[in-house]
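Read-outs: derived from the displayed coordinates by stated rules, not from any lab. Source: prediction; values computed, not measured. Neighbour counts run over all protein chains shown; Cβ positions are idealised from the backbone, glycine included.
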Amino acid sequence: MGERLGYAPGVFDLFHVGHLNILRRARDHCDRLVAGVCSDELVVHLKGRPPVVPLAERLQIVRSVRHVDDVHVATVHDKIEIWKEVGFDVIFKGDDWLGTDVWTALEAEFARVGVEVVYFPYTVHTSSTLLRDALRLLGEENPSGPLAGRLAVPRPGGTES
């Protein structure tokens, strides 16, 4: 039997323990793990706003996690298209997606091509959205405080202001 290749997709913006939990658990279920990191353009398309941390930096961070063997820049939202590019045997996702229309349909599509879908418990006490909101609130409450002017604002193309 060949090597079992796993794929863990995500934005991985404002990297936190929830991201680490998914990658660590995923690595326990495969021989090699590829982390799929969404391009800045894809994040804008999916979420309507750019990531706080630009793609090049998110790639460095995720690539440095010991559980990750390789990274793949996701430029399309279509997970089947990504499967055709990467060739994974199992895909991992947080269980906050379990039972959603999108992932129920994906489970059926992946079953047809022999890909297993594995869900892991979502880390409820932290998320990039919570971190982003906290940073925004800190900036609003103390506009001249220690964070003033220190947070880089990502721009399209990966440049900062």
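Key figures for this structure:
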read-out	value
For region 94-105, Karplus couplings with θ = phi - 60° (6.51, -1.76, 1.60), whole Hz, Gly/Pro x	x, 6, 5, 9, 4, x, 6, 4, 4, 7, 5, 5
Anisotropy class of region 26-126 from Cα gyration tensor, a/c 1.5 cut	rounded
Long-range HN-HN contacts of Y122 with modeled amide H, under 5 Å	D95, D96
Amide H within-cut-off set for V73, under 5 Å, with H built and near neighbours excluded	V37
Stretch gain in nm, segment L98-S64, where the contour uses 0.36 nm per residue and the Cα spacing is subtracted	9.4 nm
Charge dipole magnitude, Cβ of K and R +1, D and E -1 - region 1-70, Cα centre, debye nearest 20	220 debye
Karplus-derived 3J(HN,Hα), 6.51/-1.76/1.60, for each residue of region 33-48, Hz, glycine and proline x	10, 9, 9, x, 10, 5, 5, 4, 5, 5, 4, 4, 4, 7, 10, x
5 angstrom amide H check on V53, placed H, neighbours 5+ away	L14
